[in-house]
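One structure is given here, and the rest of the page talks about it.
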Amino acid sequence: MSCKKDKTTTTVSDSKRYIYVNNKPYYIKGICYHPVTKGSTKRDFLNLSQDLALMKEAGINTIRVYEPIDDKAVLDEIDAVGIKVIMGFGYNDANDKFNIVSGNYLNYVNTYKNHNAILMWELGNEYNYHPEWFKDDIKNWYTALNTAAISIHQIDKTHLISSAHGELPNDLALSSCPNIDVWGMNVYRWDNPEDIFSQWEAVSTKPMYISESGGDSYMTITKEGFEKGENQKAQAQANAKIIDKIFENQDICSGVTMFSFTDGWWKAGNPEKQDIGGWAPNSTGIPYDGAPNEEFWGIVDIDRNKKETFDIIKNKYNQIKP
């Protein structure tokens, strides 16, 4: 059953590199959000009300999720505080009934396309780093990506479609996927992503946003003046510099969803405790030690205590008006 359309339903469009919501420019001040309770490996929304209150305090207007939220009550609560969702679909995850291969992603779009919380539909997350998932030919992914975008456009005329690409899309990606409206880019270039904006300007006139960036709060080694061990100052400094460069390029970049809202204890080891380690493709650009330390990326910890970077993001996001 489709969510009933009413006068508040969002219409999202793009023009000349900009994203518009109901014909007004929309700038993404966002966060990646995949909340997993301590001791678990599955996403849940048990802390949603607390999380949304913290997000609003931080000036966050957009959350990016990696799999669909199939719960109208959750979307209603997100919408009630004025936050939009970039709704992500995976390709062939057996645990995700709305994946692209199954075709059920279209059922999801049909069900929720009139919900006011939806900002964009997003297909895939840096799959260009994984040709082995596509019979060792990344062209197979780009074909599936463009086909899925066409299918969504046919049933939903009021939202944009994005894809979160690992780094700058190359000529093959761009030429193969003309039906992607907005290119998200997961960019880890130490604490300065500035060059990607001129690089994008040279190859496309479409909107783009930074779908992941940031730093973690653990230093594997002592470097750049930051001591080895848990180091919230390193994360805070990196995020401050990254956000400043993004905000300086609003003529090209439509915003950012920083990675990530909460620490994820499920990612690198025992989900009952916070482990050091973890691995991610192309992670040598992680400030300031070149190591991702996957369980230390939150702007709050798993108990929702604010890290130093929380106030950095709060101050910077609240300076940029919607």
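Residues are listed down the side, and each one gets a yes or a no for (1) within 18 Å of the chain's Cα centre (by Cα); (2) surrounded by 16 or more Cβ atoms within 10 Å (Cβ to Cβ); (3) modelled with pLDDT of 95 or more; (4) charged (D, E, K, R):
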site	(1), (2), (3), (4)
Gln237	no, yes, yes, no
Asn249	no, yes, yes, no
Trp265	no, yes, yes, no
Pro292	yes, yes, no, no
Asp303	no, no, yes, yes
Ile313	yes, yes, yes, no
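Hey, any hits in the range 111-134 for a residue that's in contact with a Pro (Cβ under 6 Å, 6 or more places away or on another chain), surrounded by 19 or more Cβ atoms within 10 Å (Cβ to Cβ), under 27 Å from Val36 (Cβ atoms) and at pLDDT 95 or above?
no
Looking only at helices (runs of 4 or more DSSP H) that fall completely inside the range 167-269, which ones have 3 or more residues that are of a type outside the set (Asp, Glu) and touching a strand residue (DSSP E or B) at 6+ places or on another chain (Cβ under 8 Å)?
Result: 195-203, 232-247.
A quick yes/no check of all residues on (1) in contact with a helix residue (DSSP H, G or I) (Cβ under 7 Å, 6 or more places away or on another chain); (2) in a loop (DSSP other than H, G, I, E, B):
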residue: Gly277; (1), (2): no, yes
residue: Pro281; (1), (2): yes, yes
residue: Pro287; (1), (2): yes, yes
residue: Phe296; (1), (2): no, yes
residue: Thr309; (1), (2): yes, no
residue: Ile312; (1), (2): yes, no
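Which one of these does Tyr108 not meet: (1) in contact (Cβ under 8 Å) with a residue 24 or more places away in the chain; (2) assigned to a loop (DSSP other than H, G, I, E, B)?
Condition (2) is where Tyr108 drops out.
Given the structure, is Gly103 in a loop (DSSP other than H, G, I, E, B), without any contact (Cβ under 8 Å) to a residue 24 or more places away in the chain and farther than 19 Å from His130 by Cβ?
Criteria met by Gly103.
What about Asn146, is it without any contact (Cβ under 8 Å) to a residue 24 or more places away in the chain and farther than 29 Å from Val300 by Cα?
No, not satisfied.
Within the range 131-163, how many residues turn out to be out of contact with any strand residue (DSSP E or B) (no Cβ under 6 Å at 6 or more places or on another chain) and assigned to a loop (DSSP other than H, G, I, E, B)?
Counting residues in the range 131-163 that are out of contact with any strand residue (DSSP E or B) (no Cβ under 6 Å at 6 or more places or on another chain) and assigned to a loop (DSSP other than H, G, I, E, B) gives 6.
Working only within the range 81-100, note down all residues that are surrounded by fewer than 17 Cβ atoms within 10 Å (Cβ to Cβ) and either β-branched (Val, Ile, Thr) or assigned to a helix (DSSP H, G or I) (or both).
Val81
Criterion first (buried (at least 20 other Cβ atoms within 10 Å of the Cβ), under 22 Å from Ile19 (Cβ atoms) and either under 16 Å from the mean Cα position of the chain (by Cα) or of a type in the set (Asp, Glu) (or both)) does Gly215 satisfy it?
In short, no.
Being more than 16 Å from Phe296 (Cβ to Cβ), over 16 Å from the mean Cα position of the chain (by Cα), buried (at least 19 other Cβ atoms within 10 Å of the Cβ) and among the β-branched types (Val, Ile, Thr) is the requirement here; does Ile196 meet it?
yes
The values are calculated or read from the model by the stated rules, or taken from the named source; none is laboratory data. None of these values were measured; they are calculated from a predicted model. Because the Cβ atoms are built from the backbone with ideal geometry, glycine has one as well, and the counts that use them run over all protein chains shown.
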